[in-house]
Amino acid sequence: MTASDRREAKPEAVPVLEVEDLRTVFLTDAGPVRAVDGVSFTVGAGETLGIVGESGSGKSVTALSLMRLLEEPARIVGGRLRFQGRDLLAMRPDELRALRGDRMAMVFQDPMTGLNPVIRILRQLTEPMTGHGRFTPPEARRRAIGLLGRMGITAPERSVSRFPHEFSGGMRQRVMLAMGFANDPALLIADEPTTALDVTIQAQILDLLRQLNAEFGTAIVLISHDLGVIGSVCRRVAVMYAGEVVEEAPTAEVLEDPRHPYAWALVNAVPRIDQPLGADRRLVSIEGAPPDALALPPGCRFAPRCPFKVERCEREHPPLAEVAPGRLARCWVTQAGQVLPKSGGAGFGGARPAPAAAEPLLSVRGLVKHFPLPRESFFAPKRVVHAVNGIDLDLKRGETLGIVGESGCGKSTLARLVTRIHAPTAGSITFDGQEIASASPAAIRPLRRRMQMVFQDPYASLNPRMTIGDTLAEPLVAHGLARRGAEVRERVGELLATVGLNPAWVSRFPHEFSGGQRQRISIARALALQPELVVADEPISALDVNIQAQILNLMLDLQQRMGLTYLFIAHDLAVVRHLCDRVAVLYLGQVMESAPAEALFARPLHPYTAVLISAVPVPGRTRVVLQGEPPSTLVLPTGCPFRTRCPIARPVCETPPPLAEHEAGRWAACHFPGEFGHAGVAA
Amino acid sequence: MLRTLVTRLAGAAVMAVLATLVIFLIANTVPGDPVLAQLGDLAASNPATVAEWRAKWGLDLPLWERYFIFLRGLAHGDLGTSIASQRPVLEDIAQYAPATVELSTIAFLLALVTGIPLGIAAAVWRDSWVDAVARVISLIGVSSPTFWLAFVMLAVFYGGLQIAPGPGRLDPIAFPPDEVTGLFLVDTILAGDWETFHDAVSHLVLPAIVLAAATIGLITRTTRAAMLEAIGQDYVRVSRAKGMREGYTILRHVLPNALIPVVTLGGLAYANLLAGAVMTETVFSWPGLGRYTFRSAAALDFPAIMGITLVVSVTYLLVNLLVDLSYALLDPRVRR
Amino acid sequence: MSASLALPAPRSRRARLWRRYGLAGIGAGIVLGWVLVAVLAPWLAPYPPDFVDVTNRLQPPSGQHWLGTDALGRDCFSRLLFGARISLLAGISVVALGAAFGTLVGMVAAYARGLADAALMRLTDLVLCFPPIILALAIAAALGIGTTNTIIAMLVVWWPKFARLARALALVQRSQEYVEAAVVLGLKPARILGRHIVPNAIGPLVVLVTLDIGNAIITFAGLSFLGLGVVPPTAEWGAMVAEGRELVEQWWVATFPGLAILTIVLGFNFLGDGVRDWLDPKARSR
């Protein structure tokens, strides 16, 4: 931060980017959709600006508008765009092209699809260098290798001659960054550059962005849905809602004291890993959804959802005005001087009941799942993905057990083994005393009533060709819980009401619902059979933060009302800490550590847990950035699976450490529990 | 790469052997009795003649033994004797193959140089008049029956306008060149006989266009779809964000990706040509395998039909093998 | 740029409808027209299709004989109308039966996996290693001339592509989360297949079926042209072209049946393209 601060202390006369009243519309059959509607901001040389907002807020369209990269049917219809004093909107296509990839560069969200699969890395890196005439081919080659090294790619001389598919997602995003910096641009626009990446890789990339900003003096516009991500790179942030900037201010101040109710909701909807857990676990969530872009409200666009609105808000559209020195907000309430409360309203309060110490509802021992891959050819060796490699778990009735880990750690496979979507390769699964690991599908069917699952992708987990009424009725009828007709209809109505949906919507199809509503339907379907155990596989990771808060609150609520037991799979550590009683950390299909949530986050015993927690982007916190990436699951690791990346690995780690109870209720698979990571992790 | 080659070759060999089994079974287990078909009603009514005939052709042996004999014959290049021509089938095929190879190669090249650029243009200028033209051409190409198109072309350009030569490979009064490859274009060049070369080319134009028509449609469609798919990919936007010229983006980023499915189409396109050749050659009196197939089918000349099927299937297998291998060249993700 | 603040008007409703349904509508119209012709042929045709009148042979189109007469003096127009029956019958039955059988095989293979899957897929590989028309020709020749035999021969080469597509679609469906959800809900396999997998996998199959009927019609006509399809004197378009193929002077004999094939195949292609655009959400929004 310090370097960029210094830079910003003496800004050059001409800002890198001036955006004034930018308006971009999508010309749809139903009429023009105003995706960006009067956005203004300025980015000085070497400055960092974040743009935050939920999906559909117009942040990505803003980014594409800045680059003039919009495609039909999107079109800029008004405003002014200046880059280093030059009018971007008046430029001819060839002038724009000369600027793109040269003075202004862009990094996109998905590194897996952003690189051309049939072209070697080297050419993809050097083509902007030679194409803009800045370097000769040999110079470009040298520079490409140098940049890749700078981006933290090992052996860049060899890597440049590879093809993209030989790289992991994190590596590809480094290549994309190197491509962005190819001609040492004055401005880099990064659109959700870490959203597709794991938290440890995200930490690496964010660190890199910060360093590059300090080193090259490149101004950065970082677009993200995650205020934490923006806070760890950008000094200022613009919060967007329904195509408008509703607040613009230094990031730290927005996080501390938001001045627009939407920013306030964004800040408070996310559990913070660096703040103490209260007894009330409910999160602030605002009801409703962003307005229909074809029928925007006449007054403040946030007014229909705003908990603080006054009469004026629904009548008059507020301007973006200064509410404090250096702070702009588009809100009548805060412009009048009112202060937004520190945190959310009252919840149902009360401490959570401690789970009764009884026989575990679900018990997993030595669980193993290997997926054979199809042979590449008749002579090729057999290849096997070692997804789950010996997991032991216990889940008590009424408890919530969180499973965390990076992608590929086997957490989703674990969920599908426990629910017997997949059959395990070895090991036992006991559900309420009954062994189900090797039971036949028919034998498990009656047990399914008591054990349900909520899936990750609300767009894929509902059959698109069935009404939600049919979707919810199907399990009831199949298990004979209700007779067809009035009885089923009544139960379906109850279920919808339970998850906060209008019972009159039974005859609608899934595509008529938003992501959050679909996830509610998915939960209702799981509840239809009145299960005891609900396995939730990343149930909120595809949702916007505000909707995440709604779903988490719903899950907490249902647990309390129905005494549910949750197996909660997630990659978001703050959410897991917030929701779960116990947490198990997975790495390469094995449990590294399992402990009560609060204790685990306060004082991790396993070094992997420590770095995982440390990687969560929290502004103003020093981080231990874990280098490297998880090894391939095609080869079963010898010894401690984490030792290849472990900061404290020693020779003894070549013998696998057992998962042992080091303190009451705290298990860790490490030869040196608690030795690493106390410092820097605490808030 | 070598391993891929060996594996694919082995696979193709296994399939070829299985193909012979299929052909053998078709020839030997179908309800129609070849004896009745070939002896005629009078002779077939005499049991002694029938038994003698059966013994002569080995039809009294058990099925597996007959297959074994059939395979042994194959190993010696013996595909049986054509009933119509009374010559070994392999000899017939060798005689007619060059004309077909010449015609189908020209047609295939024609389809490539027309279909691919047309597909590219249609995708790049999507929804423009180019796209509309490409769409009409490809739809008519895939929707016209080849045999009818051949007739119409001949009727219009030869019968009506009289600007094209008539059927056949050469004018009836022209002398064919000394046979070296059997390909007239090559042989006339080798002989330095430019007059006959010109004659051969002018006779090739109509049948090649007719034969290529369906394939042009197929290739245009596939190229267009693959281009559109590739144009929508993120890496294209990345290339534009890098400030690359649009032409460069299309040629260097989009096209190499779009060609992958087009190459996969190769085998299918080749099958199309074979089917088309039967019709085209028949109408244009082109003395190739296609017309031989037609004649054999019309005469129910069984050994000939089976021989053709076998030869064509093995060629088809080889073409598909080539397609597989070039696929591996184009796409680094399947390269090993 | 800042001057062009005025928004262009959205496309008119008619233009949008045309974009979305235009081609499919034309295709459906053509197909429907030919179906009507096939059904009503005995009432529409001015002469019986095999009424021979040698004195009147090879007459050019006239008020008497709209499309002229052929080498046996039969009325080409009447034969054309009756020909629609065979072509439609052959095209639709080959594709319908081939698709039904292929889909069944593909779905079973995807569901059973393991050995059964491998065996069934090798079988399709085997059929697919022949150029379809050549294999169909060999089988048709072996079975003997006749509409039914030719349809059987075509079926043998037709089902594998449906088996492959159905298997691929079913495999995609298997790993869909809503299918996993159905498993977790404890639904029986038949219900999962019937209610969740098949309805969602059927779209691309429908597209292939529609596009393929045209293909089948051309192939059948081709086999007839080669003398393998129908037994003379049955009126069939491919055979009619074959009868006229040497008659360049009497162009009408071969031209009109060919045009008939072209239009009906175009009709199915339009319809298939329309169905595909309609089912493909990406294309739909455009």
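The values are calculated or read from the model by the stated rules, or taken from the named source; none is laboratory data. Fair warning: this is a prediction, and the values are worked out from it, not measured in the lab. Glycine also receives a Cβ, built like all others from the backbone with ideal geometry; neighbour counts cover every protein chain displayed.
Out of the helices (runs of 4 or more DSSP H) lying entirely within segment A:166-270, which hold 3 or more residues that are crowded, with 24+ Cβ neighbours inside 10 Å and touching a strand residue (DSSP E or B) at 6+ places or on another chain (Cβ under 8 Å)? So the answer is A:169-180, A:227-231, A:261-269.
Just checking, which of B:L228, B:L321 is within 27 Å of B:G141 (Cα to Cα), at pLDDT below 85, assigned to a helix (DSSP H, G or I) and not assigned by TED's automatic domain parsing to the domain that holds B:A27? The conditions single out B:L321. Taking segment A:440-451 as the range and being within 32 Å of the chain's Cα centre (by Cα) and surrounded by fewer than 18 Cβ atoms within 10 Å (Cβ to Cβ) as the test, only A:R450 passes. Outside the structural domain of A:L69 (by TED's automatic domain parsing), within 30 Å of A:G405 (Cβ to Cβ) and not basic (K, R): does that describe A:Q204? Spelling it out, it is not the case that A:Q204 is outside the structural domain of A:L69 (by TED's automatic domain parsing), within 30 Å of A:G405 (Cβ to Cβ) and not basic (K, R). Flag set for B:P177, criterion: crowded, with 23+ Cβ neighbours inside 10 Å and in a loop (DSSP other than H, G, I, E, B). Residues that are of a type outside the set (D, E), closer than 25 Å to A:L564 by Cα and buried (at least 19 other Cβ atoms within 10 Å of the Cβ) do not occur anywhere in segment A:370-390. When segment A:247-263 is examined, which residues are found to be more than 17 Å from A:V284 (Cβ to Cβ) and of a type in the set (A, V, I, L, M, F, W, C)? Selection gives A:A249, A:A252. In summary, helices (runs of 4 or more DSSP H) completely within segment A:554-649 and bearing 2 or more residues that are within 29 Å of A:T154 (Cβ to Cβ) occur at A:607-615. Of all the listed residues (B:A269, B:A297, B:A304), the sole one being within 7 Å of another protein chain (Cβ to nearest Cβ) and more than 30 Å from A:R162 (Cβ to Cβ) is B:A297. Of everything in segment A:120-134 that is within 7 Å of chain B (Cβ to nearest Cβ) and more than 17 Å from A:R150 (Cβ to Cβ), the residue that is surrounded by the most Cβ atoms within 10 Å (Cβ to Cβ) is A:E127. When segment B:312-336 is filtered for residues that are more than 10 Å from every other protein chain (Cβ to nearest Cβ) and touching a residue at least 60 places away in the same chain (Cβ under 8 Å), the ones remaining, listed by number, are B:L318, B:L321, B:V323, B:D324, B:L325, B:S326, B:Y327, B:A328.
For segment A:453-471, the candidate set comprises residues that are within 26 Å of A:R484 (Cβ to Cβ) and crowded, with 24+ Cβ neighbours inside 10 Å; within that set, the residue that is farthest from the other protein chains (Cβ to nearest Cβ) is A:I468. For segment A:100-118, give me each residue that is at pLDDT 90 or above and either more than 7 Å from chain B (Cβ to nearest Cβ) or within 18 Å of A:R143 (Cα to Cα) (or both). Those that are at pLDDT 90 or above and either more than 7 Å from chain B (Cβ to nearest Cβ) or within 18 Å of A:R143 (Cα to Cα) (or both): A:G101, A:D102, A:R103, A:M104, A:A105, A:V107. Selection within segment C:77-120: residues that are touching an Asp or Glu at 6+ places or on another chain (Cβ under 6 Å) and under 30 Å from C:W252 (Cβ atoms). The member of this set that is surrounded by the most Cβ atoms within 10 Å (Cβ to Cβ) is C:G83.
Hey, does segment C:202-218 have a residue that's more than 10 Å from every other protein chain (Cβ to nearest Cβ), among the hydrophobic types (A, V, I, L, M, F, W, C) and surrounded by 24 or more Cβ atoms within 10 Å (Cβ to Cβ)? Checked segment C:202-218: at least one residue is more than 10 Å from every other protein chain (Cβ to nearest Cβ), among the hydrophobic types (A, V, I, L, M, F, W, C) and surrounded by 24 or more Cβ atoms within 10 Å (Cβ to Cβ). So is A:E95 in the same structural domain as A:F163 (by TED's automatic domain parsing), surrounded by fewer than 16 Cβ atoms within 10 Å (Cβ to Cβ) and closer than 29 Å to A:G169 by Cβ or not? When the stated conditions are applied, A:E95 does not pass them.
Within segment C:183-201, the residues that satisfy the criterion of being facing another protein chain (nearest Cβ under 8 Å) and free of Cβ contacts under 8 Å to residues at least 24 places away in the same chain are C:V183, C:V184, C:L185, C:G186, C:L187, C:K188, C:R191, C:R195, C:H196, C:P199. How about segment A:101-123: which of its residues are within 12 Å of B:Y235 (Cα to Cα) and assigned to a loop (DSSP other than H, G, I, E, B)? Within segment A:101-123, A:F108, A:Q109, A:D110, A:L115, A:N116, A:P117, A:V118, A:I119 meet the criteria. Out of curiosity, is A:E314 surrounded by fewer than 24 Cβ atoms within 10 Å (Cβ to Cβ), in contact (Cβ under 8 Å) with a residue 24 or more places away in the chain, assigned to a helix (DSSP H, G or I) and of a type outside the set (F, W, Y)? No.
For segment A:517-553, residues that are in a loop (DSSP other than H, G, I, E, B) and over 25 Å from the mean Cα position of the chain (by Cα) total 5. The criterion of at least 2 residues that are within 12 Å of chain C (Cβ to nearest Cβ) is met by the following helices (runs of 4 or more DSSP H) wholly inside segment B:57-168: B:129-143, B:146-153.
Taken together, the residues in segment A:460-500 that are outside any helix (DSSP H, G or I), farther than 15 Å from A:Q530 by Cα and either of a type in the set (D, E, K, R) or without any contact (Cβ under 8 Å) to a residue 24 or more places away in the chain (or both) amount to 5. Among the residues of segment B:277-290, not a single one is among the small types (G, A, S) and at pLDDT below 85.
Aliphatic (A, V, I, L, M), at pLDDT 85 or above and farther than 23 Å from C:V230 by Cβ, is that true of C:V156? Against the criterion (aliphatic (A, V, I, L, M), at pLDDT 85 or above and farther than 23 Å from C:V230 by Cβ), C:V156 does not qualify. Could you go through segment C:125-136 and let me know if any residue there is surrounded by fewer than 19 Cβ atoms within 10 Å (Cβ to Cβ) and farther than 24 Å from B:F24 by Cα. No: segment C:125-136 contains no residue that is surrounded by fewer than 19 Cβ atoms within 10 Å (Cβ to Cβ) and farther than 24 Å from B:F24 by Cα. Within the option set A:A423, A:A437, being in contact with a Ser or Thr (Cβ under 9 Å, 6 or more places away or on another chain), touching a residue at least 12 places away in the same chain (Cβ under 8 Å), in a loop (DSSP other than H, G, I, E, B) and surrounded by fewer than 16 Cβ atoms within 10 Å (Cβ to Cβ) holds for one residue only, A:A423. Examine segment B:192-204 for a residue that is at pLDDT below 85 and either within 18 Å of B:R291 (Cα to Cα) or aliphatic (A, V, I, L, M) (or both), and state whether such a residue exists. Checked segment B:192-204: no residue is at pLDDT below 85 and either within 18 Å of B:R291 (Cα to Cα) or aliphatic (A, V, I, L, M) (or both).
Name the residues in segment B:222-241 that are more than 7 Å from chain A (Cβ to nearest Cβ) and touching a Gly at 6+ places or on another chain (Cβ under 6 Å), would you? Across segment B:222-241, the qualifying residues are B:T223, B:R224.
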